[in-house]
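The values are calculated or read from the model by the stated rules, or taken from the named source; none is laboratory data. Here the structure is a predicted model, which is why all the values come from computation and not from measurement. All Cβ positions, even for glycine, are placed from backbone atoms using ideal geometry, and neighbour counts span all protein chains on display. Ligands, DNA and RNA are stripped out before the accessible areas are found, and what is left, the full protein with its side chains, is counted by its heavy atoms. Shrake-Rupley method; radii C 1.70, N 1.55, O 1.52, S 1.80 Å.
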Amino acid sequence: MDSFEGKLAVVTGGGTGMGRELVIQLAAEGCSIATCDVNADNVGETAARAEKEAPPGVRVTTHLADVSDEAQMRRFRDEVAERHETDHIDLLFNNAGIGGGNSFLTGSRDAWDKTFAVDWGGVYNGMRAFTDMVVASDDAYVVNTSSVNGFWASLGPGIPHTAYSAAKFAVRGFTEALIEDFRVNAPNVKVAVVMPGHVGTDIVLNSREILGIDLEEARAQMARRGVATDGLSDDVVQNMMKMFGEMFRDNAPVTAEQAATIILDGVRAGKWRILVGEDAVTLDEAVRADPEAAYGEGGLNLSTITGQ
Ligand SMILES: NC(=O)c1ccc[n+]([C@@H]2O[C@H](COP(=O)([O-])OP(=O)(O)OC[C@H]3O[C@@H](n4cnc5c(N)ncnc54)[C@H](O)[C@@H]3O)[C@@H](O)[C@H]2O)c1
């Protein structure tokens, strides 16, 4: 796909981060967009910013829909058809996601199940809801966001990361399998999987708001990172968690804006595999070169690779 001008894109999770930047950059290139989120204020601000940059004729519509709920995604699809007066879409970005569900053994089951439902279920429901509209386009692209945790199920030694990794592996596997499925059954549709490394977004802060803060798990996480929390009040622990979320956003090697540009360049270049950031490239090479060394004591460590 050489140009986004005159096309219609659906972006899930357009409220902040990479989803917001995708909406803004697509609109600036003359693409209309329908974007959903669970946060109405944030997605409203995304649309206002995108419309400011957009040439005349571009329409940005916002929708409240939880990607983990298939009925809400079907409603979102019907709203897109009605408000954009169309039977097809040209680009589908299944981008919405949250972080969480760290330990399968000791963490909360609710947080684990919710994380998996959003990160895997969101992509699955997005595909179920929008595949017919994508196939109805003459020239379409589906872009599913996985992660480096789609090929490496860890954040480093001592930090369990199970629900997110399981979901992101599922997204990568499903998306890679779809390449052949579309090539055989609907060759007008191309498919890409996005695997970002550390990108500076509000994902840590947003995920805590969605999942709630499990203070016991927060204290355990800090202990694993060598921060003693005995004697600290719950308020202090909450503030420290907020600070970690801000540091994640502010100290990343790649901004959300840069990440969105890399993703859109990948689509323009016809890629099926879009790595975002040098850390993602380095990790990909390391895991392929020596898979046995990826885990365990002395295993790969994202913070060593990013230098954060
Ligand atoms: N930031 C990173 O370092 C990083 C790395 C690898 C992969 N990713 C992935 O990139 C994608 C975008 O993340 P981001 O970093 O821009 O995060 P973000 O939190 O800034 O943006 C995600 C958006 O999705 C929305 N969202 C969350 N749950 C939702 C739901 N159930 N239904 C609809 N919308 C929902 C949030 O409200 C938010 O607006 C996610 O899939 C994430 O897992 C991020």
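Taking the average, over residues, of other Cβ atoms within 10 Å as the packing measure, peptides 294-303, 167-176, 268-277 rank 167-176, 268-277, 294-303 from highest down.
Ordering Arg225, Arg109 by accessible surface, largest first, gives Arg109, Arg225; the 1.4 Å probe counts only protein heavy atoms, with every chain in place. Annotation: aspartates and glutamates with alpha-carbon distance below 19 angstrom to Lys190 (same-chain offsets under eight excluded): Asp2, Glu5, Asp87, Asp90, Asp132, Asp138, Asp139, Glu176, Glu180, Asp181, Asp265.
Please give the peptides 228-235, 115-122, 184-191, 71-78 ranked by average Cβ packing (other Cβ atoms within 10 Å per residue), highest first, as a rough proxy for protection. Please list the in-between numbers first.
Numbers: 228-235: 10.2, 115-122: 24.9, 184-191: 14.8, 71-78: 18.1.
Listed from highest to lowest mean packing, they are 115-122, 71-78, 184-191, 228-235.
Normalising the average separation of contacting C-alpha pairs (under 8 angstrom, six or more residues apart) by the number of residues puts the relative contact order of region 189-308 at 41 percent. Simple spin-label estimate for Arg183 and Glu246 gives 4.9 nm between the two label positions (7 Å along the Cα-to-Cβ direction from each Cα).
Across region 44-53, computed HN-Hα scalar couplings (Karplus, 6.51 cos²θ - 1.76 cosθ + 1.60, θ = phi - 60°) run x, 5, 4, 5, 4, 5, 5, 5, 4, 8 Hz from first to last residue, x flagging Gly and Pro. When each of the peptides 95-102, 209-216 is scored by the mean number of other C-beta atoms lying within 10 Å of its residues, the order from highest to lowest reads 95-102, 209-216.
Note on region 1-38 and region 114-160: Cα centroid distance 17 Å, given to the nearest whole angstrom.
Remark: region 212-221, residue by residue, has Karplus-estimated 3J(HN,Hα) of x, 8, 8, 4, 5, 5, 4, 5, 5, 4 Hz, where x stands for each Gly or Pro and the curve is 6.51 cos²θ - 1.76 cosθ + 1.60 at θ = phi - 60°. Placing pseudo-labels 7 Å out from each Cα toward the beta carbon at Leu215 and Ala136 gives an inter-label distance of 5.1 nm. Measuring between alpha carbons in the structure, the pairs from Lys52/Lys168; Lys7/Lys242; Lys7/Lys168; Lys52/Lys114; Lys7/Lys271 lying more than 30 angstrom apart are Lys52/Lys168; Lys7/Lys242; Lys52/Lys114. Cα centroids of region 71-101 and region 230-308: 27 Å apart. I'd like the orientation of helix 278-289 relative to the chain: the angle between its Cα long axis and the longest Cα principal axis, in ° from 0 to 90, rounded to 10. That helix lies at roughly 70 degrees to the long axis. The charge dipole of the chain, taken about its Cα centre with unit charges on the Cβ atoms of Lys, Arg (+1), Asp and Glu (-1) only, comes to about 240 debye.
Our summary gives the chain a relative contact order of 18 percent, counting only alpha carbon pairs under 8 angstrom and 6 or more residues apart.
Surface analysis of region 4-125 yields an accessible area of 42 Å² per residue, using protein heavy atoms and a 1.4 Å probe.
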